[in-house]
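One structure is given below, encoded as structure tokens.
Only the coordinates and a few stated rules stand behind these numbers; no lab work does. All figures in this text were calculated on a predicted structure; none of them were measured in a lab. Here the Cβ is made from the backbone with ideal geometry for all residues, glycine too, and neighbour counts use every protein chain on show.
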């Protein structure tokens, strides 16, 4: 009987020690609760106002209108700028020693640099004279110029020499592959537009951004213009030359929205830009 009682007493003591190891003694529990309360009191939100040369930051803290200067950060590689939201801790509960905590999204991020491709001129016909042009006076008229690709490259812009009469409205450009006659064939490869009303009443180069497409070295393509609101007193004029300066190609045109195509006599001005 005494032996059984002794074993039971030992078991109860072991259970008590096990509970204390999990929960901690009352003093430890109280300390942890106090630490959590202090942490919550001493951690506030802030907004970066500016960065200093010594990698500290001037910040608004907890919605206040006063800027706290020269606040350091725990992040070794901070990616912070004006307007960024941050979490600030008052070290040891002192409002005179704030520090910016280091969230995961700004800590140790590698430097990344986006390199934009250099846009340069490729295919071109730069010659134009004031007596060599075509007038886009009808919504069903199409004017185009065949282009021989001089390399494999991407196309992002087309430039032409043009002027306006009246208010021609929107001017559209499309790029197609060329068939054996150097007429448009297949789907539209690229397109763009500009406000013809912004053209001057004297000839000048007009830049047109187009959706990106690929040119393949040695292949023929066609740039084609149309003006949906064109009329006798509101049209756009495309300049070039009647001299044969662009090898193996002449203008093409259609009077019925591209159903039938014909070859003209002009070499229209153009520049193709891309990378």
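Values as computed for the structure displayed
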read-out: Exposure proxy ranking, count of Cβ atoms within 10 Å, fewest first, for 164, 51; value: 51, 164
read-out: Protection-proxy order for peptides 221-229, 246-254, each taking the mean of Cβ atoms within 10 Å per residue, highest first; value: 221-229, 246-254
read-out: Label-zone membership for the range 75-100, site residue 51, 7 angstrom Cα→C-beta point, backbone N under 19 Å; value: 75-88, 99-100
read-out: Fewest-first ranking of 213, 59, using other Cβ atoms within 10 Å as the exposure measure; value: 213, 59
read-out: Isotropically averaged projected area of the range 75-233, using the convex hull of Cα atoms (one quarter of hull area), nm²; value: 16.3 nm²
read-out: Taking 84, 195 and counting other C-beta atoms within 10 Å, the order from fewest to most; value: 195, 84
read-out: Residue-span extension gain [residue 211 to residue 115] - 0.36 nm each, minus C-alpha spacing; value: 32.6 nm
read-out: Ranked by how many other beta carbons lie within 10 Å on average, peptides 266-274, 184-192 from highest; value: 266-274, 184-192
read-out: Equivalent-ellipsoid semi-axes of the range 39-108, from the Cα gyration tensor, Å, largest first; value: 17, 14, 11
read-out: Longest to shortest principal axis, alpha-carbon extents of the range 189-249, angstrom; value: 39, 31, 19
